[in-house]
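The values are calculated or read from the model by the stated rules, or taken from the named source; none is laboratory data. Model, not experiment: these values are computed from the prediction. Note that each Cβ is placed from the backbone with ideal geometry, even for glycine, and that neighbours are counted across all protein chains shown. Areas reflect the complete protein model, heavy atoms only, side chains present, ligands, DNA and RNA absent. Shrake-Rupley method; radii C 1.70, N 1.55, O 1.52, S 1.80 Å.
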Amino acid sequence: MKTNFTRGVIFACVAAIWWGMPQPLFFDEIKHIPSFEVAMHRGVWSFFVLFLSLIFFSEIKDFFTLFKSSKKIIILTITSFLIATNWLGFIYSVSINKVQDASLGYFLTPMISISLGYFILNENLNVRKIISVSLMFFSCFILFTSLDSFPYLALLIGTTWGIYGLLRKQIEVSPAVGLLFESGLISLFALPYLLYLSHINIGYFSYNFSYISIMLFLTGIVTIIPLFFFNLGLRYTTLGLAGVLFYIAPSFHFITSVFILGEYLEMEKIVAFIIIWVGVSIFIYDAVKSPRLS
């Protein structure tokens, strides 16, 4: 039993580290391609890879079961646009050398999620959550009043991810099946757009297995791999702990942006990140202690 729990922690950590380092480095390789085009390819190829994976693991029936519930369809339709916007924001942040803003956005997610839970779901706030949210709000105040440019990407990424998580919690759908629907809906818009780009010869994807074409196809793989390991982690550990381990990802975003991608780090961001890390640490402590997560 203890071995399985350890295995679950390892799998969840692998997913978080993958989200945090290989993904930004991967998208940095193709940052010369318009972000919208890359996001559309990510949707199409994620659907393709996931569809084949669910057939292989005999879980495709769970996807078709979705269509029996109008509530699930409505919520997943909304989350499709949220995840597409989130992907676009992240890819764009990499393309303009602002991975730190993406990191900040994901770190602010608990603040957004807790706030949404309080105002929309009438969830109670304990002292630790109030302190955590207050610290994150204070860090935002520092950023908004001291930086030359408004951190809109951080807010876009954090808000879309926070609302996405809130809505996905309202329905019992596995991450893989839910993402299959979301990427499928994105593909309904993305595929005609990409075919049009190919038709007028301005798209980057070609059918001669060029380096760029392979990289665009791999956008689906790099999206599915961490999801696969995260699902494996959930088999052996709790959802709460797996969610906490997710914060390894923005930490690695930060490390990658500074030490690998060479992004400049303003003093104001250093102060804000330190405050946010303290706030997230309190949030993690509360999540581990909370009995509803066990």
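For the stretch 126-144, give me each residue that is under 11 Å from Ser115 (Cα atoms), among the β-branched types (Val, Ile, Thr) and touching a helix residue (DSSP H, G or I) at 6+ places or on another chain (Cβ under 8 Å). Once the filter is applied, which keeps residues that are under 11 Å from Ser115 (Cα atoms), among the β-branched types (Val, Ile, Thr) and touching a helix residue (DSSP H, G or I) at 6+ places or on another chain (Cβ under 8 Å), the stretch 126-144 yields only Val133. Pairs are defined by a Cβ separation below 7 Å, a sequence spacing of at least 6 or placement on different chains, a first member in the stretch 188-200 that is open to solvent by less than 40 Å² (accessible area, probe 1.4 Å), and a second member that is in a helix (DSSP H, G or I); the pairs so defined are Ala190/Met40; Ala190/Gly43; Ala190/Val44; Leu194/Met40; Leu194/His41; Leu194/Val44; Leu197/Glu37. When the stretch 153-200 is examined, which residues are found to be hydroxyl-bearing (Ser, Thr, Tyr) and under 13 Å from the mean Cα position of the chain (by Cα)? If the condition is that a residue be hydroxyl-bearing (Ser, Thr, Tyr) and under 13 Å from the mean Cα position of the chain (by Cα), then Thr159, Thr160, Tyr164 are the ones that fit. Restricting the stretch 135-149 to residues that are touching a residue at least 24 places away in the same chain (Cβ under 8 Å) and over 28 Å from Ile91 (Cβ atoms) leaves a set whose member that is most open to solvent (accessible area, probe 1.4 Å) is Phe138.
Answer with yes or no whether Phe246 is at pLDDT below 80 and either of a type in the set (A, V, I, L, M) or surrounded by 15 or more Cβ atoms within 10 Å (Cβ to Cβ) (or both).
For Phe246, the condition - at pLDDT below 80 and either of a type in the set (A, V, I, L, M) or surrounded by 15 or more Cβ atoms within 10 Å (Cβ to Cβ) (or both) - is met.
Residue count for the stretch 150-166 satisfying the condition of being free of Cβ contacts under 8 Å to residues at least 24 places away in the same chain and either open to solvent by less than 60 Å² (accessible area, probe 1.4 Å) or not in a loop (DSSP other than H, G, I, E, B) (or both): 1.
Condition check ((1) under 17 Å from the mean Cα position of the chain (by Cα); (2) open to solvent by 40 Å² or more (accessible area, probe 1.4 Å)) across all residues:
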{"residue": "Ile202", "(1), (2)": "no, yes"}
{"residue": "Ile212", "(1), (2)": "no, no"}
{"residue": "Met215", "(1), (2)": "no, no"}
{"residue": "Thr219", "(1), (2)": "yes, no"}
{"residue": "Ile225", "(1), (2)": "yes, yes"}
{"residue": "Phe228", "(1), (2)": "yes, yes"}
{"residue": "Gly233", "(1), (2)": "yes, no"}
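Identify all residues within the stretch 27-56 that are under 27 Å from Gly105 (Cβ atoms) and either surrounded by fewer than 16 Cβ atoms within 10 Å (Cβ to Cβ) or of a type outside the set (A, V, I, L, M, F, W, C) (or both); write none if there are none.
Asp28, Glu29, Lys31, His32, Pro34, Ser35, Phe36, Glu37, His41, Arg42, Gly43, Ser46, listed by residue number.
A search for C-beta distances below 7 Å between a residue of the stretch 58-78 that is part of a helix (DSSP H, G or I) and any residue that is exposed (fewer than 12 other Cβ atoms within 10 Å of the Cβ), counting only pairs 6+ apart in sequence or on different chains, returns Ile73/Phe67. Taken over the stretch 17-60, residues that are farther than 25 Å from Leu261 by Cα and among the aliphatic types (A, V, I, L, M) amount to 7.
Checking Phe259, Phe254 one by one, the residue that is of a type outside the set (Gly, Ala, Ser) and open to solvent by 50 Å² or more (accessible area, probe 1.4 Å) is Phe259 and no other. Annotation note: Cβ proximity below 9 Å between a residue of the stretch 1-26 that is surrounded by 16 or more Cβ atoms within 10 Å (Cβ to Cβ) and a residue that is of a type in the set (D, E, K, R) (sequence gap 6+ or interchain) occurs for Gly8/Arg235; Phe11/Arg235. Filtering the stretch 92-109 to residues that are open to solvent by 40 Å² or more (accessible area, probe 1.4 Å) and over 25 Å from Phe138 (Cβ atoms) leaves Tyr92, Ile96, Asn97.
Inspection of the stretch 87-110 finds a residue satisfying the criterion of being under 20 Å from Val177 (Cβ atoms), part of a helix (DSSP H, G or I) and touching a Lys or Arg at 6+ places or on another chain (Cβ under 9 Å).
For Gly89, state whether it is surrounded by 24 or more Cβ atoms within 10 Å (Cβ to Cβ), under 12 Å from the mean Cα position of the chain (by Cα) and modelled with pLDDT of 90 or more. For Gly89, the condition - surrounded by 24 or more Cβ atoms within 10 Å (Cβ to Cβ), under 12 Å from the mean Cα position of the chain (by Cα) and modelled with pLDDT of 90 or more - is met.
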